[in-house]
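Structure first, commentary second.
The values are calculated or read from the model by the stated rules, or taken from the named source; none is laboratory data. A quick note: this is a predicted structure, and the numbers were derived from the prediction, not measured. All Cβ positions, even for glycine, are placed from backbone atoms using ideal geometry, and neighbour counts span all protein chains on display.
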Ligand SMILES: C[S@@+](CC[C@H](N)C(=O)[O-])C[C@H]1O[C@@H](n2cnc3c(N)ncnc32)[C@H](O)[C@@H]1O
């Protein structure tokens, strides 16, 4: 989606969850839903916490999984100022043009009867203990990408999660977010965080029983749904990897093949360029980058 399309989407009510701009894609949607539904089926209860909600794309799904008595808390700066210059630069580059708290609220209320608990502030405020220790079953960390902030967010997640709770950490391997990678692997090697699952976008871990969480994931036939499943060992710890299956060579329709073969080279080049642009647009994430 182009930036103009995102701005248009921000100002119109979403009809489906996919209409909400953001960076929460089908593979992680499936992983979140699977893990949260399995917790519910196993009788595990607890609140859900999200650090970094943007316009609500992931928060709406988290809200789908709330059971009676459970609470979703989201923490985001929305239209507030960031607390430091680096964070302000991130906000200006990626979110300022499109993000308001009222847009988040409108999107959330398009799918749920009531708003979650909203903390409009830097995620660092959560270190004051306002989220009860051991009260959560799932925490999604997807706010600032700066090392110091993410390390703090992981500490908040650790304190908030109950036994065997799961944390999902976004952007642990993107080229533009080395601070997230540093904080995530530091938590693994020095903070007792156990890897459960890696996707292209997110690291899933627990301070509890990683093998039990992996057994839950193995129950699903991911390949039948178009995903690949692999397993690795990192410093003695098993970790699963989920990814999208790579599609085979494109089967061209006869008319398309004839057009490409018969058109003069200049026209063919232009046609190829146009088709490539269309393909990339379809595959591109909705905003320049998270
Ligand atoms: C990548 S977006 C979140 C995307 C969202 N989870 C989704 O799936 O679409 C990151 C969000 O973190 C927020 N953010 C950035 N730095 C923050 C900070 N220090 N404290 C709180 N929120 C922050 C931004 O306002 C932005 O909404």
Looking only at residues in region 56-73 that are in contact with a helix residue (DSSP H, G or I) (Cβ under 7 Å, 6 or more places away or on another chain) and not in a helix (DSSP H, G or I), which one is nearest to the ligand (Cβ to nearest atom)?
56
Do we have residue 216 as within 30 Å of residue 162 (Cα to Cα), assigned to a helix (DSSP H, G or I) and either modelled with pLDDT of 95 or more or not assigned by TED's automatic domain parsing to the domain that holds residue 51 (or both) here?
yes
Taking only pairs six or more apart or across chains, which ones have beta-carbon atoms under 8 Å, a first residue in region 89-118 that is within 18 Å of residue 47 (Cα to Cα) and in contact (Cβ under 8 Å) with a residue 40 or more places away in the chain, and a second residue that is more than 14 Å from the ligand (Cβ to nearest atom) and assigned to a loop (DSSP other than H, G, I, E, B)?
108/115; 116/71; 117/71
Within region 94-105, restricting attention to residues that are within 11 Å of the ligand (Cβ to nearest atom) and assigned to a helix (DSSP H, G or I), which residue is nearest to residue 13 (Cα to Cα)?
103
Within region 159-172, is there a residue that is within 14 Å of the ligand (Cβ to nearest atom), at positive phi and either in the same structural domain as residue 30 (by TED's automatic domain parsing) or assigned to a helix (DSSP H, G or I) (or both)?
yes
Among (1) within 19 Å of residue 148 (Cα to Cα); (2) more than 11 Å from the ligand (Cβ to nearest atom); (3) in contact (Cβ under 8 Å) with a residue 60 or more places away in the chain, residue 76 falls short only on (2)
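Do we have any residue at all in region 272-284 that's modelled with pLDDT of 60 or more and out of contact with any strand residue (DSSP E or B) (no Cβ under 7 Å at 6 or more places or on another chain)?
Our first condition is that a residue be modelled with pLDDT of 60 or more; within region 272-284, this holds for none.
No, region 272-284 contains no residue that is modelled with pLDDT of 60 or more and out of contact with any strand residue (DSSP E or B) (no Cβ under 7 Å at 6 or more places or on another chain).
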Out of everything in region 109-126 that is in contact with a helix residue (DSSP H, G or I) (Cβ under 6 Å, 6 or more places away or on another chain) and in a helix (DSSP H, G or I), what residue ends up being nearest to the ligand (Cβ to nearest atom)?
123
